[in-house]
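Take a look at the structure set out below.
Where a number appears in this text, it was derived from the coordinates with a stated rule and is not lab data. Note that the structure is a prediction, hence the values are computed from the model and not measured. With ideal geometry, Cβ positions are generated from the backbone for all residues, glycine too; neighbour counts draw on all protein chains shown.
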Amino acid sequence: MNHISEYAIVSPKAKIGDNVTIKQFSIIEDDVVIKDNVHIATNAIICSGTRIDKNCKVYHSVVLGSEPHDMKFGGEYTTLEIGHDTIIREFTTISRGTKEKKITIVGNHSFIMAYVHIPHDTVIGDNVILANAVNMGGHCIIEDWAIVGGLVGIHQFVKIGAHSFIGFSSRVNQDVPPYVLAAGNPIRYEGLNVIGLRRRGFTSEKINQIKQVYNLIYNSKYNTSDALKIIKDTLEQTGEVKQIVDFIETSKRGIIGV
């Protein structure tokens, strides 16, 4: 049974699942899909092209699937997809995609806090936490389990690696590799996200392997290219090691420094 306020505006063309709550003064436009057990609080606007998977919570005054903040946007059909069990707090805005990717994605089990802006063509992974007032340019990628502290600004096309932690009020203008702790203006490498890794079950052996990689990249006499060659030639090629090497080798903006 759904619980839809008589003061909400819900398009008959929207597809609404079971046990959905839509509170007063919220607007659900055409071409919206809301799956089971979703809760939408007051004054939210869910724009056409938005897909919300099951068990999500959308809080007061959130705007989902609005037109991209991109002067090149020409009204083309694009979408926004929100994964299951994700929480989106007050006054967050998330734009749908442009013709470049045609889609903006927020993954499963993510926690998006108040006043966050997620722009067009951005991909947010699973189990990501974006603290209050994180803002970013378009085409960003934030991988699984990353945590971004409050008031962080992220340059367009930046990629933030899995299991990394970005400190409060940092300015992210280059890619942040996986597993690291980073902070500052501009942002810099501060070590490993050891607490986060331990909480997620990484063994001491795994953490030490990751530390060996970053010691060669950041705390040695080698430049990045030489360090990567040594890593591939001398260290055990575990999944984590390969992930770091691949991330750095495919970085388009270059990785953060020390």
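Residues with beta-carbon under 9 Å from that of H120, excluding H120: net charge, scoring Lys, Arg +1 and Asp, Glu -1? Write out the running numbers ahead of the final one.
Numbers: positive: R96, K101; negative: E67, D70, E100, D121.
Spelling it out: positives minus negatives among the neighbours equals -2.
Would you kindly state how much longer the chain becomes between S5 and F25 on full extension, computed as 0.36 nm times their sequence separation minus their alpha carbon distance, in nm to one decimal?
Details: separation 20, 0.36 × 20 = 7.20 nm, distance 0.81 nm.
Value of the extension gain: 6.4 nm.
For region 135-258, give the magnitude of the charge dipole about the Cα centre (Cβ charges: +1 Lys/Arg, -1 Asp/Glu; no others), in debye to the nearest 20.
Roughly 220 debye for region 135-258.
Tell me which aspartates and glutamates have Cα within less than 20 Å of K221's Cα, excluding those fewer than 8 residues away on the same chain?
Hits, sequence-local ones excluded: E190, D233, E249.
Nearest-5 percent of antiparallel DSSP beta bridges in the chain? Before the final figure, lay out each step's value.
Working: 4 of 58 bridges.
DSSP beta bridges in the chain are roughly 5 percent antiparallel.
Please report Rg over Rh for the chain, where both radii come from the alpha carbon positions and Rh follows the Kirkwood definition.
With Rg and the Kirkwood Rh in hand, the quotient comes to 1.04.
How big is the charge dipole of the chain about its Cα centre, in debye rounded to the nearest 20, if each Lys and Arg gets +1 on its Cβ and each Asp and Glu gets -1 on its Cβ? Show your work: numbers first, answer last.
Details: 27 positive and 27 negative charges, 99 e Å.
My answer is approximately 480 debye.
Ordered by residue, what ³J(HN,Hα) values in Hz, to whole numbers, does region 190-201 give under the Karplus form 6.51 cos²θ - 1.76 cosθ + 1.60, where θ = phi - 60° and Gly and Pro are x?
10, x, 8, 7, 5, 4, x, 5, 5, 4, 9, x
Any lysines with Cα under 16 Å of the K232 Cα? List them, leaving off those in the same chain fewer than 8 positions away.
Output for K232: K211, K242.
What does the charge add up to near H60, with Lys and Arg as +1, Asp and Glu as -1, over the other residues with Cβ less than 14 Å from its Cβ?
That sum, taken over residues with Cβ under 14 Å, equals +2.
Cα axis of helix 239-249 to longest principal axis of the chain: angle in degrees, 0 to 90, nearest 10?
90 degrees
Under 10 Å from the Cβ of I16, count the other residues' Cβ atoms, weight Lys and Arg +1, Asp and Glu -1, and hand me the total.
Around I16, the surrounding residues sum to 0.
Can you tell me which aspartates and glutamates have their Cα less than 14 Å from the Cα of K13? Leave out same-chain residues fewer than eight positions away.
E29, D30, D31
Which residues does the label zone of K13 cover in region 49-66, counting backbone N under 20 Å from a point 7 Å along Cα→Cβ?
In region 49-66, the label zone of K13 (backbone N under 20 Å from the point 7 Å along Cα→Cβ) covers 49-52, 64-66.
What is the calculated FRET efficiency for N208 to R188, with r their C-beta to C-beta distance and R₀ = 25 Å, to the nearest 0.05?
Numbers: r = 22 Å, r/R0 = 0.90.
Efficiency for this residue pair is about 0.65.
Determine which residues of region 187-208 fall in the zone a paramagnetic label at L235 would reach in this model, i.e. backbone nitrogen under 14 Å from the point 7 Å along Cα→Cβ.
191-193, 205-208
Of all DSSP beta bridges in region 3-139, what percent run antiparallel (nearest 5)?
Just about 0 percent of them are antiparallel.
Output ³J(HN,Hα) for region 89-97: one whole-Hz value per residue in order, computed from phi by the Karplus curve 6.51 cos²θ - 1.76 cosθ + 1.60 with θ = phi - 60°, and x for Gly and Pro.
For region 89-97, the Karplus-derived couplings read 8, 4, 6, 6, 10, 10, 8, 7, x Hz, x marking Gly and Pro.
For region 108-130 and region 205-258, what is the separation of their Cα centres, given in Å?
27 Å
Check which residues have an amide H placed less than 5 Å from Y189's amide H, if you skip close sequence neighbours.
Residues meeting the amide H criterion: G257, V258.
Too long at a 22 Å Cα-Cα cut-off: which of K57/K99; K57/K101; K229/K252; K23/K57; K35/K72?
K57/K99; K57/K101; K35/K72
Which whole-Hz couplings ³J(HN,Hα) result when phi for each residue of region 227-234 is put into the Karplus expression 6.51 cos²θ - 1.76 cosθ + 1.60, θ = phi - 60°, listed in order with x for Gly and Pro?
4, 5, 5, 5, 4, 6, 8, 10
Please state the Cα pair-distance histogram of region 198-249 with 10 angstrom bins from zero: what percent is in each bin?
25, 57, 17, 1
Using amide H atoms built in the peptide plane, which far-off residues or other-chain residues are under 5 Å from G49 H to H?
Hits under the 5 Å cutoff: V32.
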